[in-house]
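Undergrad: For reference, the structure I am asking about is given below.
The values are calculated or read from the model by the stated rules, or taken from the named source; none is laboratory data. Given the structure is predicted, the values throughout are model-derived calculations rather than measurements. Cβ atoms come from the backbone with ideal geometry, glycine included; neighbour counts cover every protein chain shown.
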Amino acid sequence: MILNNVPVIDIAPSFLDSQGKQDVSDSIRVACEDVGFFTITGHGVSSDEINRTRQAAISFFALDLEEKLKISQPSEKISRGYSKVGERGLAYSQGNQTPPDLQESFAMGPIDPVPESLR
């Protein structure tokens, strides 16, 4: 099946009531099962904030590798920080032995202290 459009899901109803949460959850499930990804609207994030965030990402990934490595992922148990090209592979999580993914990434999360069990 070839799809020409990425599903667009309005998540605003999920903030209203339990039925809205269920409806949005169902839409996300269907999009993930049928297409594998989706775009959201109704999140309340301004276009200006989205554009500033996009520009920050573009600027970060334009840095030299040496600079990006200064904020590498601290350990496999902590999914935050920079991962260089070839460092990760989604297939490994499925038990498949394949070459690493040709992507670099930067993961963020809350600033809460990392629990001792994850260090």
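Undergrad: State all residues of segment 66-78 that are modelled with pLDDT under 95 and either part of a strand (DSSP E or B) or out of contact with any strand residue (DSSP E or B) (no Cβ under 7 Å at 6 or more places or on another chain) (or both); if no residue qualifies, say none.
TA: LYS70, SER72, SER75, GLU76, LYS77, ILE78
Undergrad: Still on this model: Restricted to segment 58-78, and to residues that are more than 9 Å from PHE106 (Cα to Cα) and small (Gly, Ala, Ser), which residue is surrounded by the most Cβ atoms within 10 Å (Cβ to Cβ)?
TA: The extreme case among them is SER75.
Undergrad: Now, a different point. Looking at segment 79-119, which of the residues that are of a type in the set (Ser, Thr, Tyr) and at pLDDT below 70 is surrounded by the fewest Cβ atoms within 10 Å (Cβ to Cβ)?
TA: Out of the qualifying residues, it is SER117.
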